[in-house]
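Contents: one structure, followed by commentary.
The numbers here are math on the coordinates, done by the rules we state, and not lab data. Values in this document were obtained by computation on a predicted structure and should not be read as measured data. Quick reminder, even Gly has a Cβ in these numbers, built from the backbone with ideal geometry, and neighbours come from all protein chains shown.
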Amino acid sequence: MPPDPKRVGSPAGLAEPLSLRHLAESVVLIIDDQQANVELLRKVLSRAGMVQLHGVTDARQVLTTFQQVMPDLVLLDLHMPHLDGFAILEALSGVIPADEYLPVVVLTADTTKQARDRALAAGTMDFVTKPFDQTEVLLRTRNLLEARAMHLGLRRHNAELAAELRWRSERDELRDEESRRRVERIQSVLAGTGLTMVFQPIVDLASGEVFGVEALARFQGEPGEPSRPPDVWFAEAQEAGLGSDLELAAVSAAMRSLNDLPEDVVLSVNVSAAAVCDRRMAGILEGVPGHRIVLEITEHVRVADYERLHRALDRLRVNGFRVAVDDAGAGFAGLQHILRLRPDIIKLDLSLTQGIDVDPIRRALGLSLVGFARDIGAALIAEGIETAAELDVLRGLGVRWGQGYYLARPGPIGQIAALVSQPVHRSSTHEVGHKHG
């Protein structure tokens, strides 16, 4: 899980004044052999809101108490029996991490320069002169606790930042690894393994005769890998910069099956604008009878250059190739797209076909598309027909051609070639052939 972005990225707020809550949470250790001094300092500090105040009068107990309470500030008497303040400072330096900021304030009546220099060299941060001035004690204590709080806040910030950087690095490594595997999968298909084509009949809804078949790519991943739908394969190829390569491989595979179909059956292939404009497309279609091929222009990726696409399609149309707009009513395949391409065929998307028998809005839209296609001289094919009721409504609206599981499921070329020689009859009362399972 990534770090909280609200807490990572800027140390803002680390220099805010110490609040009463922070004062109450701060732990102060008072070390003085005089119990009266310990009690006085407790009284002074408690008035300022500090509650976690611990006193030690026996210098020999300092290390044990220190490790028990883990203070944020130490008030240390310099001259005590058994161990003086200098010895305690040296002992504390052995248990305080080098990167830790733990302020130590020396309590002393010795104001000589020698005593101060020695205490500073031993690691003390400040001095409070005996007898204590209460205001001075509070100011110095608060200042040092604020510095301590800033240190802890900055350390937390740096730790969170380091955690975020580690997370980002691990995420990027995973993405890079997945990208590498994705490219390998696509390259394996391009090398000739893992790609097969199936074909779905496109049927005259009135006569049941097969007008054409649509070539659909199917992919087989590495053993043990979860199966991926074709659109995921093409999307991954697009992300890997191999989108046109994979599309052209599918088109090439489909063309190899053309001779297995009767000469009066057209073959429809799905291609993006980028694949149509790819120079390799001309080589794949060279020698192919154009009147038998329909290029379904998919627009799951927005067309970036219609002028270039027009030029490529014009060269193909001269040779008899027809153009279809796929997924009309879904994605980017809007009327503007249709108007720009001037297609020979419009394919009604399954999102409009499915449920058209029970949805008056879908029926109204279907009827309008029938009229629109007729007015521009385009054929209309309904995709995704899955029930007898949908088929009957589409017939009633005047849709002439259709495809879908209710009419015939996609299959290998041998199976489909045998099927297309016989009319496919479907109605709400008479069903033959494959059913949608």
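Can you give me the C-alpha center-to-center distance between the stretch 28-46 and the stretch 402-423, rounded to a whole angstrom? When both Cα centres are located, 94 Å separates them.
Ordering Thr65, Thr135, Thr298 by the number of other Cβ atoms within 10 Å of each residue's own Cβ, fewest first, gives Thr135, Thr65, Thr298.
Label sites at Val51 and Asn259, each approximated as a point 7 angstrom past Cα along Cα to Cβ, lie 9.2 nm apart. Report the FRET efficiency, 1/(1 + (r/R0)^6), for Val69 and Ser351, where r is their Cβ-Cβ distance and R0 is 60 Å, rounded to 0.05. After rounding, the FRET efficiency stands at 0.30. Each residue in Phe199, Phe372 was given a count of other beta-carbon atoms within 10 angstrom of its own, and listing them fewest first yields Phe372, Phe199. Straightening the chain between Glu90 and Val288 buys 62.1 nm, computed as 0.36 nm per residue apart minus the Cα-Cα spacing.
Can you figure out the FRET efficiency of Arg340 with Asp231, using R₀ = 22 Å and their beta-carbon distance, to the nearest 0.05? Before the final figure, lay out the partial values.
Working: r = 23 Å, r/R0 = 1.07.
For R0 = 22 Å, the calculated efficiency reads 0.40.
How far is the Cα center of the stretch 255-297 from the Cα center of the stretch 187-229, in Å? That distance is 15 Å.
Neighbour counting of Cβ atoms within 10 Å sorts the residues Arg322, Arg374, Arg409, fewest neighbours leading, into Arg374, Arg409, Arg322.
Extending 7 Å from Cα along the Cβ direction at Glu136 and again at His82 yields two label points whose distance is 2.8 nm.
Comparing Asp264, Asp245, Asp58 in a Gaussian network model of the chain (Cα springs below 10 Å), the most mobile by mean-square fluctuation is Asp58.
Using only alpha-carbon positions in the stretch 192-419, the gyration tensor eigenvalues give semi-axes of 26, 21, 18 Å once each is multiplied by 5 and square-rooted (largest first).
Regarding the chain, what is the average projected area of its C-alpha convex hull, in nm²? List each step's numbers first, then the result.
Numbers: hull surface 137.1 nm².
If you wrap the Cα atoms of the chain in a convex hull and average its projections, you get 34.3 nm².
Expected output is a single nm value to one decimal: the length gained when fully extending between Thr193 and Gln220, i.e. 0.36 nm times separation in residues minus the C-alpha distance. What is it? My answer for the length gained is 8.9 nm.
For Asn319 and Arg116 in one chain, what is 0.36 nm times their gap in residues minus the Cα-Cα distance, to one decimal in nm?
Working: separation 203, 0.36 × 203 = 73.08 nm, distance 9.88 nm.
Taking 0.36 nm per residue and subtracting the Cα distance, the gain is 63.2 nm.
Simple spin-label estimate for Ser179 and Ser368 gives 4.3 nm between the two label positions (7 Å along the Cα-to-Cβ direction from each Cα).
Taken along its three principal axes, the alpha carbon spread of the stretch 81-126 comes to 30, 23, 14 Å, from the longest extent down to the shortest. Could you give the Stokes-Einstein D for the stretch 207-262 in µm² per second, using the C-alpha Kirkwood radius, 20 °C, 1.002 mPa s? For these conditions, the coefficient is 162 µm²/s.
Database remark: amide H of Leu380 closer than 5 angstrom to the amide H of Ile346, Arg400, Trp401 (H placed geometrically; neighbours at sequence offset of 5 or more, or on other chains; Pro and chain starts carry no H).
Around Gln67, with a cut-off of 15 angstrom between Cβ atoms, what is the net charge of the other residues, counting Lys and Arg +1 and Asp and Glu -1? Before the final figure, lay out each step's value.
Values: positive: Arg60; negative: Asp72, Glu100.
Value of the local net charge: -1.
Here, the stretch 20-162 has an Rg and a Dmax of 14.7, 47 Å when only alpha carbons are counted.
Add -39500 (n - 2.57) for each DSSP H run of 4 or more in the chain, then divide by its residues: what number comes out at 222 nm, to the nearest 500 deg cm²/dmol? Taken over the chain, the calculation gives -14000 deg cm²/dmol.
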